[in-house]
1. Just how much of ILE77 is accessible, in Å², when a 1.4 Å probe is used and the result is rounded to the nearest 10?
2. Grab the other residues whose beta carbon is less than 13 angstrom from that of CYS214, score K and R as +1, D and E as -1, and report the net.
3. In percent, how large is the relative contact order of the range 86-228, given Cα pairs closer than 8 Å and 6 or more residues apart?
4. With viscosity set to 0.890 mPa s at 25 °C, what whole-number translational diffusion coefficient in µm²/s follows for the chain from Stokes-Einstein and a Kirkwood radius over Cα pairs?
5. Take each uninterrupted DSSP H stretch in the chain, measure its Cα extent along the helix axis, and return the ones at 24 Å or beyond whose mean Kyte-Doolittle hydropathy is at least 1.0.
6. Using a 1.4 angstrom probe on the protein heavy atoms only, line up ILE82, ILE33 by accessible area, largest first.
7. In nm, to one decimal, how far is the VAL207 label point from the THR137 one, both placed 7 Å along Cα→Cβ?
8. Report the residue, chosen from LEU17, LEU27, LEU179, that carries the largest GNM mean-square fluctuation when the chain is represented by alpha-carbon nodes joined by springs under 10 Å.
Amino acid sequence: MPNELVAFVNEYGELLLEGTVATVIMLLVPTIISYVIGVALGVVLYLTAPGSLRPHPKLNAVLGWVVNICRSFPFIILMISIIPVTRIIMGTSTGIMGTIPPLVLSTSPFIARMVEQSLAEVPRASVEAVEACGASTPRIVFSALLPEALPSIVRGVAVTLIAVLGYTAIAGAVGAGGLGDIAIRYGYYRYQTEVMIAAIVILVVIVQVIQSVCDVVARKVDHRSQAAVSASEKRSRRDRSRAMRANVGRH
């Protein structure tokens, strides 16, 4: 390693490691909580939509209105505006703990809309097959809707995590810590460009890991694409077998 790089790691390595750990915590904890809330909201929005399984226009309109309002706030404005609520819930409005309520409030409606859209893409025949067996609404949701929509939901996880990662960088501007805070404090206020570049590189790596992992998981859970691949392989084997028999017949 060049001497300059060794010196940089020795001086800022621990700082960047702490910032990375803080960013990952701010990324994962609120996202997990948001998915619990967002999936439930998305399912209710889908079920109560006009023409859906359990239409309830008034409830759907109210929930849709609340979700749209929460999605309308830019994150930094939302974070600042609910500081009193954050202090009541978490005991502080700064640091990692102070970012959880605004991140959950900002991310949950976003997830709800994505889940609602994923459920709307499920073929009606899959739902009707379970419904014809006399299944209850929870059974339909857990045995037909969510399994069929799972690949789309998993791909949405990548979009959500990357969006939340951007929010954590914004939160760093108001004392939340993490890589965003490091990039601003050292790169902007102290003109230490190399520290800002290192923080950006780590963020890029995190994004690539998120996208790659979610793509792999989505392919694993997508039984439709697996069935298509299996059928294609079977056709290919049949074609090769026929070609071999034809060659043998000619000889």
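1. About 90 Å², ignoring ligands and nucleic acids.
2. Spelling it out: positives minus negatives among the neighbours equals +1.
3. Value for the range 86-228: 22 percent.
4. 115
5. Helices passing the filter in the chain: 3-47, 146-171, 193-221.
6. ILE33, ILE82
7. Roughly 4.0 nm, to one decimal.
8. In the Gaussian network model the winner is LEU17.
The values are calculated or read from the model by the stated rules, or taken from the named source; none is laboratory data. No experiment lies behind these values; they were computed from the predicted model shown. All Cβ positions, even for glycine, are placed from backbone atoms using ideal geometry, and neighbour counts span all protein chains on display. Just the protein is used for accessible areas: all its heavy atoms, side chains included, with ligands, DNA and RNA removed. Shrake-Rupley method; radii C 1.70, N 1.55, O 1.52, S 1.80 Å.
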